[in-house]
Amino acid sequence: MTAKLAGIFTVAAAVLAPALLLWPLDWSRTPSGLAMVVYMAVAATVVAYSLFNRGLRSVPPGSAATLGLTEPLVAALLGVAVLHEVLSPLSWVGAGVVLVALAVMVRTTRRAEVESSPDA
């Protein structure tokens, strides 16, 4: 899996590299700009994807796919809570749909585990 992810990130970097020519990068030479670049590289990419991939190894594929849907939901809710962003009514409906899908998944998984346990 590590080789596949390395390939994905390499292709993404190659495709996005020309965008570096479109905008000035003077901000990245300042101490705060450098700190932001390092943070985005280490915390938001290396650490986050390492934890995500470690979690994928221990979760069934169906659960991983459903739980992957929570990432944009959590990001949106953090935007509301931390940055005081305002979500549209349709965004709130979408958040509700994701939460209902997660509840159904958890309930279905628990029911299947109970039915397949030797004590059942």
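The values are calculated or read from the model by the stated rules, or taken from the named source; none is laboratory data. Remember, it's a predicted structure, so these values are computed and weren't measured experimentally. Here the Cβ positions follow ideal geometry from the backbone for every residue, glycine too, while neighbour counts run over all protein chains shown.
Of the residues making up segment 45-58, at least one is part of a loop (DSSP other than H, G, I, E, B), loosely packed, with under 10 Cβ neighbours inside 10 Å and at pLDDT below 90. Let me confirm something: among LEU90, LEU77, which residue is over 30 Å from THR10 (Cβ atoms), without any contact (Cβ under 8 Å) to a residue 24 or more places away in the chain and exposed (fewer than 10 other Cβ atoms within 10 Å of the Cβ)? So the residue among LEU90, LEU77 that is over 30 Å from THR10 (Cβ atoms), without any contact (Cβ under 8 Å) to a residue 24 or more places away in the chain and exposed (fewer than 10 other Cβ atoms within 10 Å of the Cβ) is LEU90.
Pairs meeting the criteria (first residue in segment 33-50 and outside the structural domain of ALA75 (by TED's automatic domain parsing) and touching a residue at least 24 places away in the same chain (Cβ under 8 Å), second residue assigned to a helix (DSSP H, G or I) and of a type in the set (A, V, I, L, M), beta carbons under 9 Å, at least 6 apart or on different chains) are TYR49/LEU5. Within segment 2-39, restricting attention to residues that are surrounded by 10 or more Cβ atoms within 10 Å (Cβ to Cβ) and among the small types (Gly, Ala, Ser), which residue is nearest to PHE52 (Cα to Cα)? Across segment 2-39, the extreme among qualifying residues is ALA6. Within segment 26-65, the residues that satisfy the criterion of being within 19 Å of ILE8 (Cβ to Cβ) and aliphatic (A, V, I, L, M) are MET40, ALA41, VAL42, ALA44, VAL46, VAL47, ALA48, LEU51, LEU56, ALA64, ALA65.
Candidates GLU85, GLU71: the one that is surrounded by 11 or more Cβ atoms within 10 Å (Cβ to Cβ) and in a loop (DSSP other than H, G, I, E, B) is GLU85.
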